[in-house]
Amino acid sequence: MKEPAASTGTYDVEEVRRKYIGFETATAKGRYPVEHDAIRRHCHMVDDNNPLFLDPEHAKTTSHGAVLCPPSGWLALYFASLGPWPAVFEPLFPIVPTPGKRIVNMSQEVEWSARIKVGDHLSVRRRIVDVYQKAVSLDAEAVWIVAEAIITNQKDDEVCVIRNTMLTHRTPAEQGGVRG
Amino acid sequence: MAVQGRSQLFWEDVVVGDELPGFSLDITARRVFLQVSGSQDWYPVHFDPAFARKGGHPDVFVNTGFLQAALVRVITNWMGDDGFLKKLRFEMRRQQRAGDTMVCKGKVVSTAERDGEGWVELEVWAENEREGVTTPGTATVILPRRD
C-alpha cells in the first residue's frame, strides 16, 4: 500500500480497513519475567501502598503465596512487550498507516481471566479490530484505531485481553497552520 | 486511605450505593516524572510541554497507564487481597494536566450472584476542579463469599 501523505485527501480509509482489520501480529514474549521493582515503580507513581503488590512477606501469608502484579492492563503489556530496551512505544502504530503521527488514547477495556504473579513470563499478540475516520477538535479527519492485545503467561493461559481505542491526528502545522 | 489487605471484604457485606474510599493526587512536576518512571511511557506529549503544544494540546497530560493505575488503586484497596478485578473499562474524555489535583473515587452500582460467585458492578472515575469528571469508568469485581 502507498504510504499516505499528511493531507487526508490522498488517504483511502476504506482501503486501509480492507487491508488491516483482522490483522494479527505474531506472539512476542517479554524479555524479562514479571519483577518486583517495575511493580514498585508503577505503584509508586500513584502512591499505591498495597502490600499485596509490594511486600513479599505479606504476600506469602495470603492465598496467593506471592506478590501479585496489580491488575493493570498497562503493566501487563509492559511486562509482555514494553519492558525490553530499546522501548517499543506502540508496536501497532507503524502497522496501520495514518495521515497524522500524533496519538491520544481514548478508552481502554481490560478483561481478566487470571492473576499475574511475580515470576510469571508474559507474551502478547495484537490484532486490529477496527479503523475509521471521525472528526475531533484536534483534527477534522482524525483516524481512530481499535486494537486488542491478548496477554498470555508461560503456560499459554490467557490472563487478560486489552481493548484499546486510540485516535491518531495531525498537528495544526500539518493541517496547514489552520489551528494553533 | 487504608488498604484492605487481610481485612477482607465479602460480597454479602456490600450494599448498592456504597462509596469506595477515594484519594487525591496533586499533578506536580514531580508526579509527571513519576508517571514516566512508573509507566515507562516515553511519548513526549506526557512530559514535554513544547511537544504537547505543537500537537494542539494546551499542556502535557497524564497517560493512560497512570490513570489506570489510579483507578486500580481505588478498586484493589477496597476489594482486599482475595477480590478479583474481572473487568475495567475507562475513557479519557478530558485531561489531567500539570497543576491539577486529580481525585479518584468509586461507588457500588449493583451486586449479583452468578454461578455461586459474588459479583459487584462499580462506577469508578477520576475528576478535577477544572474539568469535573475526566475519566469515567466501570468495573466488575468478584468478591469472596461468607461460607
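Can you report the number of residues in the stretch A:56-76 which are more than 10 Å from chain B (Cβ to nearest Cβ), part of a loop (DSSP other than H, G, I, E, B) and of a type in the set (G, A, S)?
Qualifying residue count, the stretch A:56-76: 2.
Just to be sure before I move on: is B:Q96 crowded, with 23+ Cβ neighbours inside 10 Å and closer than 17 Å to A:E109 by Cβ in the structure I sent?
No.
Mind telling me which of the residues B:D41, B:D26 ends up being charged (D, E, K, R), within 13 Å of chain A (Cβ to nearest Cβ) and closer than 27 Å to A:A76 by Cβ?
Only one candidate passes the filter, namely B:D41.
For the stretch A:102-180, give me every one of the strands (runs of 3 or more DSSP E) that falls completely inside it and has 1 or more residues that are polar (S, T, N, Q) and within 19 Å of A:T25 (Cα to Cα).
A:123-133, A:143-152, A:158-169
For the structure I just gave you, tell me whether B:H57 is facing chain A (nearest Cβ under 9 Å) and more than 27 Å from B:R145 (Cα to Cα).
Taking the combined requirement at face value, the residue satisfies it.
For the stretch A:36-52, give me each residue that is surrounded by fewer than 16 Cβ atoms within 10 Å (Cβ to Cβ) and more than 7 Å from every other protein chain (Cβ to nearest Cβ).
If the condition is that a residue be surrounded by fewer than 16 Cβ atoms within 10 Å (Cβ to Cβ) and more than 7 Å from every other protein chain (Cβ to nearest Cβ), then A:H36, A:D37, A:R40 are the ones that fit.
If B:V15 passes every condition in (1) modelled with pLDDT of 95 or more; (2) buried (at least 16 other Cβ atoms within 10 Å of the Cβ) but one, which one does it miss?
(2)
Restricting attention to the stretch A:114-128, does a residue exist that is touching a His at 6+ places or on another chain (Cβ under 9 Å), buried (at least 20 other Cβ atoms within 10 Å of the Cβ) and within 14 Å of another protein chain (Cβ to nearest Cβ)?
no
Within the stretch B:48-132, considering only strands (runs of 3 or more DSSP E) that don't extend past its boundaries, which have at least 3 residues that are among the aliphatic types (A, V, I, L, M)?
Filter on the stretch B:48-132 gives B:101-114, B:117-128.
Quick one: would you say B:A139 is buried (at least 18 other Cβ atoms within 10 Å of the Cβ), within 23 Å of A:L54 (Cβ to Cβ), facing another protein chain (nearest Cβ under 10 Å) and within 11 Å of the chain's Cα centre (by Cα)?
Judged against the criteria, B:A139 is a match.
Within the stretch B:73-108, track down each residue that is among the aliphatic types (A, V, I, L, M), under 25 Å from A:T165 (Cα atoms) and over 13 Å from the mean Cα position of the chain (by Cα).
Residue satisfying the conditions is B:A98 alone.
Tally up the residues in the stretch A:159-180 that are of a type outside the set (S, T, N, Q) and under 22 Å from A:I95 (Cβ atoms), please.
Going through the stretch A:159-180 one residue at a time, the tally reaches 9.
The values are calculated or read from the model by the stated rules, or taken from the named source; none is laboratory data. These numbers were taken from a predicted model, which means no experiment stands behind them. No Cβ is skipped: glycine too gets one built from the backbone with ideal geometry, and neighbour counts run over all protein chains shown.
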